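Notes follow the structure.
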Amino acid sequence: MKKYLVVFLTTTLYIQAYSQNVEHLMTKKYTDCRDIIYNSTLLIPEYFTKNNSDTVTALVNYWEKHCGISEPLLRLKILLAINADTLNESLYGKTHIINHLLYYRERVKRQDNGYDDYGFQYTSTSINSSLDNFTKELALKLNQRKVNSELDKFFLDLYSNNFDKIFLRLQDTSLTTSKLKQAYYKEVNREINKPEGHFSIYSGIWIPNRNISILGNHPIIGFQGGVKNKKGIMMDVALEFKFNKSPNTYFVEKNDSLYSTTHFFGGFFGAELGYELINYKSHELDILGGCGWDGFDALDIGETNDPDRITKSINALNLNLGMGYKKYFKNKTYIGIETRYNFVNYQNKNGTDLSGNTLTIRLKYGISRNLYRDKNLMRLDHKKILSNKKYHEWLQNGKVNRWY
C-alpha cells in the first residue's frame with residue numbers, strides 16, 4: 001500500500017511542477033474583435049466630444065488593423081472625413097460600399113430584434129445605441145452646414161436615418177461621375193440581368209379552317225412555363241390537349257383498310273417564343289411565335305388490352321405566329337388572351353383530305369416575376385419597382401417571404 005501511495009504522490013508532484021514550468025510560456029494574448037468593437041464604440045464618441053482628434057484617429061486605425069473594414073467602421077471614417085472636409089472616394093473605393101449602406105439602413109429598421117451591426121447578438125443593446133446615436137447626431141449636425149457637396153449630403157442624409165428612397169438620388173445626374181454611383185449601378189445591373197420565371201394555365205378553343213374544318217372546333221386546356229429576360233424576350237415550353245368527338249364523320253386508312261370515325265383527341269407540345277412589344281403600367285402586348293409537335297388520335301377501336309386494338313394518330317409539325325395581351329395584378333399574377341395561327345397541314349393518306357391550318361385562342365391565368373430579384377431592386381430603391389406602386393406595396397408586405 002505504501003508503495004502505491006509513494007507512486008501517486010510522486011506523479012502528482014511531477015505534474016504540478018511541469019505545469020508551473022509551462023505557465024510562463026503562455027504569454028500570447030488573443031485579440032477578440034468583440035472587445036475591440038465594444039471599447040471603440042464607447043471611446044470614440046468620448047474622445048471626439050473632447051476634440052481629441054489624434055486619439056480618435058488612433059482608435060479608428062487600431063480597430064481597422066485588428067478587425068478589418070466593416071460597416072460601422074466605414075460609417076465612422078466617412079463622417080469623420082466629412083467633418084474634416086477631406087472626404088475622398090478612395091476611402092471606400094475598394095469596399096462593397098452599397099452593401100454596407102444597405103446593411104446599415106436595414107439593421108436600423110430592425111433594431112427591435114436585438115441584433116447589432118457586427119454579426120453578434122448581445123443581451124444589452126448599449127453597443128449599438130452608443131455608436132448609432134453618435135453617428136446619427138454627428139450626421140445631423142454636419143448636415144446643417146452650407147458647404148456640403150452633393151456627395152456629402154447623400155451620406156449625411158442616410159446616416160441621419162433619412163432613408164426614404166435615398167438611392168433614387170443615384171439614378172439622376174447629380175452624382176454622374178462618382179464611384180458611388182458606379183458601385184450602385186453595378187449592383188443594379190447584377191439584379192436587372194436576372195430573368196424572371198413564368199408559368200400559366202389556360203383554356204380556349206381550337207378552330208380549324210379549309211378542309212380540316214370537317215373535324216369541327218374543339219376545346220383546349222394547357223400549361224405553359226419558362227423565363228423572361230430583361231429585354232422582354234420570353235422562352236416557354238407548352239403542353240396542350242384538345243378533346244371532344246368530331247361533329248362530322250371522316251375517313252382514315254389503317255393496314256390497307258378505310259375506317260370511318262368521329263374519334264378525336266389531340267395534343268401539342270412545343271417551344272414558344274415571345275417579345276414584349278408594349279409594357280405600360282399593368283398592361284402588356286406581346287408578339288408570339290413557336291414550333292412543336294401537333295397531332296390527334298383518329299382511331300381507337302377496341303379495349304385497351306386487346307391485342308387486336310386498332311389505333312391511328314395523325315401528326316404534323318406546328319409553326320405558329322400570334323399576338324398576346326396580359327393584364328397584371330399587384331403581385332405580378334395576370335389574366336391574358338392569346339391568338340395563334342398554326343401552320344400544320346395534316347397528311348391523311350387515302351383518307352379524308354385534312355389539309356389546312358388552325359387558329360387557337362387561349363384564355364390564360366399566370367404569374368411572371370422574380371421575387372428575389374425584385375426584393376433586391378426594392379432595397380436599392382430602383383425606379384423599376386417604385387414606379388409600379390401596387391407591386392411595390394405588395395413587396396413591402398412582411399408576409400411576402402416566398403422566393404418566387
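With the charge dipole of segment 196-369 set up from +1 on Lys and Arg Cβ and -1 on Asp and Glu Cβ about the Cα centre, the Cα lying farthest toward the positive end among the listed residues Gly289, Asn229, Phe241 is that of Asn229.
Give, to the nearest whole percent, the P(r) tail of segment 122-254 beyond 20 angstrom, counting all Cα pairs.
Details: 6294 of 8778 pairs.
When all Cα pairs of segment 122-254 are counted, 72 percent exceed 20 Å.
Quick check: the angle from helix 2-23's long axis to the longest principal axis of the chain, C-alpha only, nearest 10 degrees? The two axes meet at around 90 degrees. Compared with the dominant Cα axis of the chain, that is its longest principal axis, helix 33-49 is turned about 70°. Within the chain, the ratio Rg/Rh, alpha carbon atoms throughout and Rh by Kirkwood, equals 1.28.
Scattering from the C-alpha atoms of segment 196-369 alone, worked out with Debye: what is log10 I(q)/I(0) at q = 0.08 1/Å? Debye output, listed in q order: -0.29. A P(r) calculated from all alpha carbon pairs of segment 33-163, with 5 Å bins opening at zero, reads 2, 10, 21, 25, 23, 14, 4, 1, 0 percent.
Where in segment 243-334 are there GluC sites (Glu not before Pro) that are in a DSSP coil and have at most 12 other Cβ atoms within 10 angstrom of their Cβ?
Values: sites: Glu253, Glu272, Glu276, Glu284, Glu303; in loops: Glu303.
In loop regions of segment 243-334 (DSSP not H, G, I, E or B), the sparsely surrounded GluC sites (Glu not before Pro) are Glu303.
A simple charge model with +1 on the Cβ of Lys and Arg, -1 on the Cβ of Asp and Glu and nothing else charged puts the dipole of segment 33-163 at about 120 debye relative to its Cα centre.
Taking every C-alpha pair closer than 8 Å and separated by at least 6 residues, the mean separation divided by the residue count of segment 33-163 gives a relative contact order of 25 percent.
Each helix, a run of at least 4 DSSP H residues, gives -39500 (n - 2.57); summed and divided by the residues of the chain, these come to -11000 deg cm²/dmol at 222 nm. Report the FRET efficiency, 1/(1 + (r/R0)^6), for His283 and Glu137, where r is their Cβ-Cβ distance and R0 is 45 Å, rounded to 0.05. The computed FRET efficiency comes out at 0.40. Listed by chain and number, the aspartates and glutamates whose C-alpha is less than 14 Å from the C-alpha of Lys230, apart from same-chain residues fewer than 8 away, are Glu191, Glu196, Glu276, Asp374.
Under a model in which nothing but the beta-carbon of Lys, Arg (+1) and Asp, Glu (-1) is charged, the chain shows a dipole of about 940 debye around its Cα centre.
Throughout, read-outs are computed from the coordinates displayed, never taken from laboratory work. Please read these numbers as outputs of a predicted model, since none were measured by experiment. Positions of Cβ are backbone-derived with ideal geometry, glycine not excepted, and every protein chain shown enters the neighbour counts.
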